[in-house]
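Before any comments, here is the structure.
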Amino acid sequence: MKDICKSFPGVKALDGVGFKLRKGEIHALMGENGAGKSTLIKVITGVYEKDAGLITLQGEPIHFKAPEEAQNKGIGTVYQEIMLCPNLTVAENMFIGRSHNPVVNWKQMNEKAAKLLDSLGIPASPTQELSSCSLAVQQMIAIARAVDMDCKILILDEPTSSLDEDEVHKLFVLMRELKERGVGIIFITHFLEQVYEISDMITVLRNGKLVGEYETASLSQFELISKMLGNELEDISKLKKYEPIVSDSITPVFEARGLSSAAGVRPFNFTIQKGEVNGFAGLLGSGRSESARAIFAADKVTGGEVSMKGKRVKIKTPLHAIKQGIGYLPEDRKDDGIIADLSVRDNIILTLQVLKGFFKPFSLKQAQVFAEEYIKKLNIKTPTPNTPIKSLSGGNQQKVILARWLLTHPEYLILDEPTRGIDVGTKVEIQKLVINLAASGMSLTFISSEIDEMLRTCSRLIVMKDREIVAELKGTELTENDVMNVIAQGGKTRCVN
Amino acid sequence: MILLIIINLIKGADYFSISLVNGALYGNIPNILFGASELVILSIGMTLVTAASRGQDISIGESATITSAVFVMFVLQASEVTLFTIVIASLLSCVVGLALGAFNGTLVSVFKVQPMVASLILFTGGRSIAFMIDGKLSPILANDISNQIGTVIPGVPIQTPIILTVVFIVLVAVLFKTTTLKLYVEAVGINPNAARLNGINPKKIIFLTFLIMGVCSAVAGFIAVNKAGRHDSVNLLKLIMMDAILAVAIGGNSLGGGKFSITGSIIGAYTIEMLNRTLLRLEIEPAMIKVFKAIFIIILMVVASPVVRVFAKKTLDRVRNWRSPSSQSAKLTTTNIPTRKEQ
């Protein structure tokens, strides 16, 4: 591709971007929020039409008008937001839209699916409904589908954001195998270690422009980050976490006893003090999100009692929790967080409006003031506050949801994977924000798959395994090794009951 | 949407003539406003139901028939029909409307039945219930006040149904100004999960929209029965839900729920009435009227569809570019997205 231009009204998403992918090369595409990575991919695959420039495939110029054309030419894509059908089975999802034969041989399809799943080590059965698989498994199925279609170019857009280490390893094995076969892979990710582990070349985009193409081996991490961020780099190690005064004599901000929920959370106890940041560590499926949701009553609470500042309160619905000053940033921002067609402004004021009441709507002016305040505070990139939130990049959408909760000035804010699918710069911003909020007196729960993020910000870490709390670490115990050990041991030494 | 009205307006000559007959405004425009009164009110309710529950209520004609049957029953059993009687009767019919709305609303919000399926019950049985209330007759409503409600109050140049409709629209506007209804309904329609996690109760909102629909049905039934002068449980507002759904769609609203525009639906309702009357005016054979209506609607929908709108916008942009290519790059860089440097 040479000199690709793509513009959106008011925002030039891609400006003179060039990109080269060679046969059998794993090429990482990196850049900040809204740098243009997703847009570039969508231009390559025919989802968007370029405004200017030239794309060639194996020397021949191509001009796709629909994703189907790209697919037929051997370009397979696996998107960050898994584009599969949750109501169909695994096998159906793998083969849908590929055969032009209206008659389906179900047995053959299921057998083929089973073989493919097996060969890739994916823990799913061809006949189970896709929605019953975890997000991670769904992602692997999406990859399996693309792989099976014999593509010449495979594009992976944030494939690893919800995979654990084992699963990432399996994915990399697969990618190397495809590399041997001569498939060119474009790999978009925010995980720097993964980029260094697997890719041959790196292309960096910034603000819609091409910064450069580099050999992975000859570019240091520091250089890479500075190319992505542009100017002065935030030194992550400069972040100093806030250590609150914690003692048993101080009434905790929030306390739960024997809290259980319909989502399979077994009765657990939990306390958090003012200014404390606590993390939940554990593998996927360990119950971290579910526990956080139980606190917020996002899932049906089946037992236990909670108190705020020492007083027993009833929290059976999210509204109760919000009224008590608890906030919850959901893990899945697409399904649980953003109201897609509503404007950035409406998304920001929503919860505060609910607190204010049905009969006291905010005037447009008031809402605008709030929106602009937080667009500025959190550096949200949007053409106007009136733009529908669905046109923003993932990281900016996340910032809007964050703004929504901060606007309500909660006493206790739960952040479930706030940095998932977000670029380096914003990740640092969010961690800094968490520390600052704690210092100003807010209590926070910070759940992240990246343990170093939690270690940087949390003064206390609760480790979970198989939906149970197995340990609590604080102070000097908070090192990566210790956490890993506890996660590993927690399973082995647990009694079978 | 306004384009649609203009297309229709081109249809006939001397279209705008309004004259005074017997002290009341008469002419094409007032006729359309008069005739569409019930449809406008019902379309408002349908817009809310569609937006929140992502489905349609197909029992609105039948609900209106039941509520107006109650109205007539009350009026006829009074020894003397005064304004007070009418007011009480209409309030009673609104209460019945609320009850019917609550019935549909409960099925949809609590039992999670699809709106069209839930309202199928009243659609099927509603008119029979009304017939029962009528005492298995077609009662005649022939008192002075009803006459005036159905046509015109002496001394007032605008027909009463038009006035009633306008008052209703104003009340709805006030409702939107003083509550967060629009925001909540849109949020629930777009993403009920996210709405719930933000403290909104989707069940309550959906239920509320059905209650409002019930009131709309009652008001529409009130106007219809007073216009007609008798209560015909078989034919009153028959199949009006089709036109109401159409009005919502023409108004630019998605039948799959979410963001909505009441103004759009109102314009849609008047457009449909205009279409109906235009076809009559063109003296098309009665048998062919439905065919022409269908063709017109297809044209309207295609012109208003997203595909055509995008195409039209692209063409307009191209024309603008051809005229002044330099202004384009200026336009694109005007919206400044703050870069890190500017902080």
### Task
Being over 18 Å from residue A:51 (Cα atoms) and surrounded by 10 or more Cβ atoms within 10 Å (Cβ to Cβ) is the filter; apply it to region B:303-328 and report the residue that is modelled with the lowest pLDDT.
B:304
### Task
Identify the single condition in (1) exposed (fewer than 12 other Cβ atoms within 10 Å of the Cβ); (2) touching a helix residue (DSSP H, G or I) at 6+ places or on another chain (Cβ under 7 Å) that residue A:59 does not satisfy, given that it satisfies every other one.
(2)
### Query
Just checking, how many residues over region A:350-380 are within 23 Å of the chain's Cα centre (by Cα) and within 23 Å of residue A:323 (Cβ to Cβ)?
3
### Message
With small (Gly, Ala, Ser), buried (at least 20 other Cβ atoms within 10 Å of the Cβ) and not assigned by TED's automatic domain parsing to the domain that holds residue A:395 as the only criterion, which of A:113, A:66 stands out?
### Response
A:113
### Query
Restricting attention to region B:273-285, does a residue exist that is surrounded by 14 or more Cβ atoms within 10 Å (Cβ to Cβ), within 14 Å of chain A (Cβ to nearest Cβ) and out of contact with any strand residue (DSSP E or B) (no Cβ under 6 Å at 6 or more places or on another chain)?
no
### Message
Based on this model, can you work out whether residue B:197 counts as surrounded by fewer than 21 Cβ atoms within 10 Å (Cβ to Cβ), within 11 Å of chain A (Cβ to nearest Cβ) and aliphatic (A, V, I, L, M)?
### Response
no
### Task
Of the conditions (1) more than 18 Å from residue B:108 (Cβ to Cβ); (2) buried (at least 24 other Cβ atoms within 10 Å of the Cβ); (3) more than 18 Å from the chain's Cα centre (by Cα); (4) of a type in the set (A, V, I, L, M, F, W, C), residue B:228 clears all except one; give me its number.
(2)
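Please find, within region B:286-295, the residue that is farthest from the chain's Cα centre (by Cα) out of those that are modelled with pLDDT of 75 or more and not aliphatic (A, V, I, L, M). Break it down stepwise before answering.
Kept after step one, since they are modelled with pLDDT of 75 or more, are these residues of region B:286-295: B:287-295.
Narrowing the set further to residues that are not aliphatic (A, V, I, L, M) leaves B:290, B:292-293.
Numbers: B:290: 21, B:292: 22, B:293: 18 Å.
Out of the qualifying residues, it is B:292.
Taking the criterion of being assigned to a helix (DSSP H, G or I) and not aliphatic (A, V, I, L, M), would at least one residue in region A:51-64 satisfy it? Spell out how you get there, then give the answer.
Just the residues of region A:51-64 that are assigned to a helix (DSSP H, G or I), to begin with: none.
No, the conditions are met nowhere in region A:51-64.
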### Task
Would you check if residue A:115 is without any contact (Cβ under 8 Å) to a residue 12 or more places away in the chain, closer than 20 Å to residue A:170 by Cα and part of a helix (DSSP H, G or I)?
yes
### Query
Just one of A:109, A:94 is in a helix (DSSP H, G or I), touching a helix residue (DSSP H, G or I) at 6+ places or on another chain (Cβ under 6 Å) and either touching a residue at least 40 places away in the same chain (Cβ under 8 Å) or at positive phi (or both); which is it?
A:94
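Under the condition of being aliphatic (A, V, I, L, M) and under 23 Å from residue A:162 (Cα atoms), which residue from region A:179-203 is surrounded by the fewest Cβ atoms within 10 Å (Cβ to Cβ)?
Going through region A:179-203, the residues aliphatic (A, V, I, L, M) turn out to be A:183, A:185-186, A:188, A:192, A:195, A:198, A:201-202.
Next cut, under 23 Å from residue A:162 (Cα atoms) only: A:185-186, A:188, A:192, A:195, A:198, A:202.
Working: A:185: 23, A:186: 24, A:188: 21, A:192: 15, A:195: 21, A:198: 20, A:202: 21.
The selected residue is A:192.
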### Task
Answer with yes or no whether residue A:313 is more than 10 Å from every other protein chain (Cβ to nearest Cβ) and buried (at least 24 other Cβ atoms within 10 Å of the Cβ).
no
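Would you point out the residue of region B:32-83, among those that are outside any helix (DSSP H, G or I) and among the small types (Gly, Ala, Ser), that is farthest from residue B:97 (Cα to Cα)?
As a first pass, look at region B:32-83 and keep what is outside any helix (DSSP H, G or I): B:36, B:54-59, B:78-82.
With among the small types (Gly, Ala, Ser) added as a condition, the list becomes B:36, B:55, B:59, B:78-79.
Numbers: B:36: 20, B:55: 19, B:59: 11, B:78: 21, B:79: 25 Å.
Only one residue fits best here, namely B:79.
Taking the conditions exactly as written (small (Gly, Ala, Ser) and modelled with pLDDT of 80 or more), does residue A:162 satisfy them or not? Working first, answer last.
Working: small (Gly, Ala, Ser): yes; modelled with pLDDT of 80 or more: no.
Considered against the rule, which asks whether it is small (Gly, Ala, Ser) and modelled with pLDDT of 80 or more, residue A:162 comes out as no.
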### Query
From the residues in region B:238-256 that are crowded, with 23+ Cβ neighbours inside 10 Å and part of a loop (DSSP other than H, G, I, E, B), which one is modelled with the lowest pLDDT?
B:251
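Among the listed residues A:426, A:419, identify the single one that is in a helix (DSSP H, G or I) and polar (S, T, N, Q).
A:426
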### Query
Which pairs do you get when a residue that is within 14 Å of chain B (Cβ to nearest Cβ) and buried (at least 21 other Cβ atoms within 10 Å of the Cβ), found in region A:419-430, comes within reach of a residue that is among the small types (Gly, Ala, Ser) and in a helix (DSSP H, G or I), reach meaning Cβ atoms under 6 angstrom, with the pair 6+ apart or on two chains?
A:423/A:395; A:426/A:395
### Query
Tally time: how many residues in region A:156-196 are in a helix (DSSP H, G or I) and within 19 Å of residue A:214 (Cα to Cα)?
6
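Answer yes or no: is there a residue in region A:312-322 that is on the phi > 0 side of the Ramachandran plot and either free of Cβ contacts under 8 Å to residues at least 24 places away in the same chain or not in a helix (DSSP H, G or I) (or both). Spell out the reasoning first.
Going residue by residue through region A:312-322, those that are on the phi > 0 side of the Ramachandran plot are none.
No; the residues of region A:312-322 include none that is on the phi > 0 side of the Ramachandran plot and either free of Cβ contacts under 8 Å to residues at least 24 places away in the same chain or not in a helix (DSSP H, G or I) (or both).
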### Query
Which one of A:287, A:282, A:325 is on the phi > 0 side of the Ramachandran plot and within 13 Å of another protein chain (Cβ to nearest Cβ)?
A:325
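Residue by residue, here is whether (1) of a type in the set (Ser, Thr, Tyr); (2) at pLDDT below 75; (3) closer than 24 Å to residue A:146 by Cα holds:
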| residue | (1), (2), (3) |
| --- | --- |
| A:2 | no, yes, no |
| A:19 | no, no, yes |
| A:28 | no, no, yes |
| A:39 | yes, no, yes |
| A:44 | no, no, yes |
### Task
Report the residue count in region A:354-379 for those that are under 30 Å from residue A:423 (Cβ atoms) and facing chain B (nearest Cβ under 10 Å).
4
### Message
Exactly one condition in (1) buried (at least 24 other Cβ atoms within 10 Å of the Cβ); (2) more than 7 Å from chain A (Cβ to nearest Cβ) is false for residue B:203; which is it?
### Response
(1)
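When you check residue A:99 against the structure, is it farther than 17 Å from residue A:77 by Cα, among the small types (Gly, Ala, Ser) and either at pLDDT below 80 or in the same structural domain as residue A:285 (by TED's automatic domain parsing) (or both), yes or no?
Details: farther than 17 Å from residue A:77 by Cα: yes; among the small types (Gly, Ala, Ser): yes; either at pLDDT below 80 or in the same structural domain as residue A:285 (by TED's automatic domain parsing) (or both): yes.
For residue A:99, the condition - farther than 17 Å from residue A:77 by Cα, among the small types (Gly, Ala, Ser) and either at pLDDT below 80 or in the same structural domain as residue A:285 (by TED's automatic domain parsing) (or both) - is met.
The values are calculated or read from the model by the stated rules, or taken from the named source; none is laboratory data. Only a predicted model underlies this, so the values are computations on that prediction, with no experimental measurement involved. Because the Cβ atoms are built from the backbone with ideal geometry, glycine has one as well, and the counts that use them run over all protein chains shown.
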